[in-house]
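Note sheet for the following structure.
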Amino acid sequence: MLVRRVVTGLNENGKSEITLDGQSPGHFDLAVSEFDVMWLTASTPPDLKGTADPADVDQYVMKPPPGGIKWVVIRIPPESESVLVDRSSPEFTKLMARFDDGGVMEPGGNGWHTTETLDLITVLLGEVDLELDEDVTRLRAGDCIVQRGTRHRWVNRGNVPCVLSGVIIAAAPVDR
């Protein structure tokens, strides 16, 4: 998935300008989904200065740092495509070496996970099912989700890819 990212900043004269324009360097194609890290902060409030690109990361990490925020664009292919991926292949193992779930993914859980984050998500394209312990909700382009640290998974039962844009905010753990 090619996502154009435009970042603004200030030049040496204190004037606003475009500092970055192009695809995020934090692109991860994991065969069963794709992630583009658009921006990442280590704390709040975020620093608005500097020239370093916090999206220039070598590994996709599910959780932002404590007190941090991450903005991602996620492409979820149809389930009919992702089930064909050989998860035991060396190629898949190599792709997954770039993915750090931070211990939130359930082993053998087919995508079920519980995060200590507040996720503000918009469906940009396609549709996807948000599965919870007690509910399944079909979400379509334009729908917005506030995912508050609950056990969930995303399943695309349609026949076209689904694209989500989400701001992920580190949160305090929930007593379960």
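For this structure, a couple of remarks:
- Residues satisfying the stated conditions in segment 151-176, i.e. of a type in the set (S, T, N, Q) and surrounded by fewer than 16 Cβ atoms within 10 Å (Cβ to Cβ): ASN159
- Checked against (1) closer than 25 Å to VAL3 by Cβ; (2) at pLDDT 95 or above, ARG98 meets all criteria but (2).
- Residue match in segment 102-125 (condition: of a type in the set (D, E, K, R), surrounded by fewer than 15 Cβ atoms within 10 Å (Cβ to Cβ), modelled with pLDDT of 95 or more and not in a strand (DSSP E or B)): no
- Any hit, segment 53-65, residues being surrounded by 13 or more Cβ atoms within 10 Å (Cβ to Cβ), under 23 Å from GLU127 (Cα atoms), basic (Lys, Arg) and in contact (Cβ under 8 Å) with a residue 12 or more places away in the chain: no
- Among residues of segment 129-147 that are among the polar types (S, T, N, Q), those with a Cβ under 6 angstrom from a residue that is surrounded by 11 or more Cβ atoms within 10 Å (Cβ to Cβ) and outside any loop (DSSP other than H, G, I, E, B), sequence gap 6+ or separate chain, pair up as THR137/LEU130; GLN147/ASP119.
- Inclusion of PRO46 among residues that are surrounded by 11 or more Cβ atoms within 10 Å (Cβ to Cβ), under 20 Å from VAL167 (Cα atoms) and free of Cβ contacts under 8 Å to residues at least 24 places away in the same chain is warranted.
- Some residue of segment 32-39 being in contact with a Leu (Cβ under 8 Å, 6 or more places away or on another chain), over 16 Å from VAL163 (Cβ atoms) and either surrounded by fewer than 17 Cβ atoms within 10 Å (Cβ to Cβ) or in contact (Cβ under 8 Å) with a residue 24 or more places away in the chain (or both): no
The values are calculated or read from the model by the stated rules, or taken from the named source; none is laboratory data. Just so it is clear, the model here is predicted, and its values are computed rather than measured. Glycine also receives a Cβ, built like all others from the backbone with ideal geometry; neighbour counts cover every protein chain displayed.
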